[in-house]
1. Could you state, as a whole-number percent, how many of the C-alpha pairs of segment 12-281 are farther apart than 32 Å?
2. For segment 117-159 and segment 290-321, what is the separation of their C-alpha centers, rounded to whole Å?
3. In Å, what Kirkwood hydrodynamic radius results for segment 311-464 from the alpha-carbon pair distances?
4. How large is the direction-averaged shadow of the alpha-carbon convex hull of segment 202-289, in nm²?
5. Find the Cα radius of gyration of segment 399-463, compare it with 2.2 N^0.38 Å by division, and give the number to two decimals.
6. Can you give me the relative contact order of segment 12-281 as a percent, contacts being Cα pairs under 8 Å and 6 or more apart?
7. Return the equivalent ellipsoid semi-axes of segment 284-377 as a descending list in whole Å, where each equals the square root of 5 times an eigenvalue of the C-alpha gyration tensor.
8. Could you tell me the center-to-center distance, by alpha carbons, between segment 413-464 and segment 234-261 in angstrom?
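No lab work stands behind these numbers, since they all come straight from the coordinates. Quantities reported herein were computed from a predicted structural model and do not represent experimental measurements. Glycine also receives a Cβ, built like all others from the backbone with ideal geometry; neighbour counts cover every protein chain displayed.
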Amino acid sequence: MAGREQNSMDTPIVEFVRKYADSDISRFHMPGHKGHVFFGWEPYDITEIAGADVLYHGDGIIAQSEKNAAKLFGSGATHYSTCGSTNAVKAMLFLLRTGCSQKSDAPRPYILAARNIHRSVVDACALLDLDIEFPDTAKSSSICTSAVTAEHIKKALQEKKQLPLGVYITSPDYLGQMADIAAIAKVCRSFSVPLLVDNAHGAYLHFLERKQHPMDLGAAMCCDSAHKTLPALTGAAYLHIHRDYVKTYEPYAAQALALFSTTSPSYLILQSLDWCNRYMASGYTERLKQLERAVKRQKEGLRGRGIAVLDSEPLKLVMDTAKNGYTGLEIAEELRAFRLECEYADGRYVVLMATAENRERDWKRLQDWAKHTRLIKKKGEPLPEKLFFSYRPKRRLSIREAVFAPAEVVPAAKSLHRICAEQTVACPPAIPIAISGEEITEKMVEAFRQFGITKICVVKNEVL
């Protein structure tokens, strides 16, 4: 079934819940709405009752649905998360940490990661007492992107006396930039170091004509946020384990997910993941092909009008509005006047995310905006480009030490040379400018200002 579509696929979770909702049974169990309608979804909102299986300890309908997903994605094993990719990220790092015995005189375990990590990575490292080291990469005009290549990873691994527990890459990133996962995976395997990929924005990649999903390209593990590019409810995510790493990680996967998750998983989210299996097995590749063409046409049309559009993953449309003299935030406001809401905007970029569920009216509104936008009608001088992460901050404390140290909140403008305690981020993109334990630099203070961050949590001086 992997890589091929079926005419249909069973949906055991959906079918069980529908039968239960239609049974007219008296509900002397949680949740408290008892299936009575307040918003409309209550009859299908249940808990882990008899027959409903148990997430992370499943041997019934949930286990069967996850097997369906694994076959669809071609993974060795796939697990559901109802707490988003955030939970799957923490679980992946837990799996790396499992079996890593740390003697008192041994070097601290760490992961090697591209700098544009999600804050969940830092949170997980605080809980698991892991450090993070960053390879040298090309300079970037956004905190969202870290242009890491296989050569960057190879050079970093060659220079290490102690190899990392794993290499961690975010691809696609928030600006739709994609790393060469196949090449990086090859380098990692040559050093016997597993590659982990935050594929939160790329659940659809396995279903392209030329497959680009991390499970197809040799990553050991990856997470997908189903709700970002598939018709799933917010919080729906997958943890995938590659066939070659099943024996190593699968025995501990349920434990890893349960450790960071709620004991009351949403069956609404589970049903949406279950339904996505049928959705992807029933003509999705063809719908995706048509969508790719539609997005490509839109990109070409905007470029033809003189709007700077980045090369990016197939389902993102990323405009560099600064080249025409406007911030992304200004253009995001302009888009709203045309009844268009973007996914992300900052001082330079606007990001639009498309799926097969976008309708013709959406594209027409975008085309109408393109005819009237200030980017063309009142084009200005290009805004100056600012480069991020072309620095190596000094680490003063481990991530765990900084997160659990007594802390105080200070004005960001007065945080220079202080030690970051809890990372302060805007969400989206939830990418830390300063990471817990790092000394705050002038470039970080400038980045805080650019992102409108006015207060920072720092370690109290008397702790040091």
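1. 26
2. Answer, in whole Å: 28.
3. Working: mean 1/r = 0.0566 Å⁻¹.
Kirkwood radius, segment 311-464: 17.7 Å.
4. For the Cα atoms of segment 202-289, the hull's average projected area reads 6.2 nm².
5. Details: Rg = 10.7 Å, N = 65, 2.2 N^0.38 = 10.7 Å.
Scaled against compact globular proteins, the figure is 0.99.
6. Once normalised by length, the contact order is 24 percent.
7. With the √(5λ) rule applied to segment 284-377, the semi-axes are 21, 13, 12 Å.
8. 32
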